[in-house]
Amino acid sequence: MSTGVNRECGECRVCCIAPKITEVAKPAGTPCRHLCATGCSIHDSKPAVCREFLCAWRVMPEIDESWRPDRIGLLGIFGLTDTGKRAVQFIPFRNVLGFPSIGKELRRLASVFEVWIGLSGEWPPSRRLRLNDLPNRSAWRKIGALQTT
């Protein structure tokens, strides 16, 4: 995917913590056993799924620079729906979903592509909520309680 965005991870290591990574037997929400202070301890031999992964923040110009996953508390995973529409699954790894500014930005992004709140940490998400299914702040609080599953 060529988007013109060329952001670097920097100190962010959220992709080694938030999603489920079957190839290294890592469940969602737990640090990978290969994660170390400098990044990945098996960098030269890490599985293709890790080597090729680019979070949505790195490649999608619609996602603001300030939304780097470790700063905002959400990891975005880009994909396509069954009908070929662009979609981003945001996996919360901190309790941020109740913040009005987060909800406002997610709703803005939902006007550009489909936005899901992922509860499983995998793509395609086996457990997800569509942003449009969250009509009010109390709904945001409810999924905040689910974010560790």
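Within region 63-73, the presence of at least one residue that is closer than 18 Å to Val112 by Cβ and outside any helix (DSSP H, G or I) is confirmed. Based on this model, can you work out whether Thr38 counts as under 17 Å from the mean Cα position of the chain (by Cα), farther than 16 Å from Glu114 by Cα, β-branched (Val, Ile, Thr) and surrounded by fewer than 14 Cβ atoms within 10 Å (Cβ to Cβ)? No. Val49 meets each of the listed conditions (1) out of contact with any Gly (no Cβ under 9 Å at 6 or more places or on another chain); (2) hydrophobic (A, V, I, L, M, F, W, C); (3) in contact (Cβ under 8 Å) with a residue 40 or more places away in the chain apart from (3). For region 10-58, the tally of residues that are hydroxyl-bearing (Ser, Thr, Tyr) and farther than 23 Å from Ile72 by Cα stands at 3.
Only residues that are of a type in the set (Lys, Arg) and modelled with pLDDT of 90 or more were counted in region 4-25, giving 2. Looking at region 100-113 only, could you name the residues that are assigned to a loop (DSSP other than H, G, I, E, B) and surrounded by 15 or more Cβ atoms within 10 Å (Cβ to Cβ)? Of everything in region 100-113, just one residue is assigned to a loop (DSSP other than H, G, I, E, B) and surrounded by 15 or more Cβ atoms within 10 Å (Cβ to Cβ), namely Phe113.
Going by the conditions given, is Val14 surrounded by 17 or more Cβ atoms within 10 Å (Cβ to Cβ), in contact (Cβ under 8 Å) with a residue 24 or more places away in the chain and in contact with a strand residue (DSSP E or B) (Cβ under 6 Å, 6 or more places away or on another chain)? Yes, satisfied. Residues in region 20-45 that are closer than 17 Å to Ile91 by Cα and either out of contact with any Phe, Trp or Tyr (no Cβ under 8 Å at 6 or more places or on another chain) or part of a helix (DSSP H, G or I) (or both): 9 in all. Looking only at residues in region 45-82 that are among the hydrophobic types (A, V, I, L, M, F, W, C) and touching a Ser or Thr at 6+ places or on another chain (Cβ under 9 Å), the one that is surrounded by the most Cβ atoms within 10 Å (Cβ to Cβ) is Ile72.
The values are calculated or read from the model by the stated rules, or taken from the named source; none is laboratory data. Model, not experiment: these values are computed from the prediction. Glycine gets a Cβ as well: all are built from the backbone with ideal geometry, and neighbour counts include every protein chain shown.
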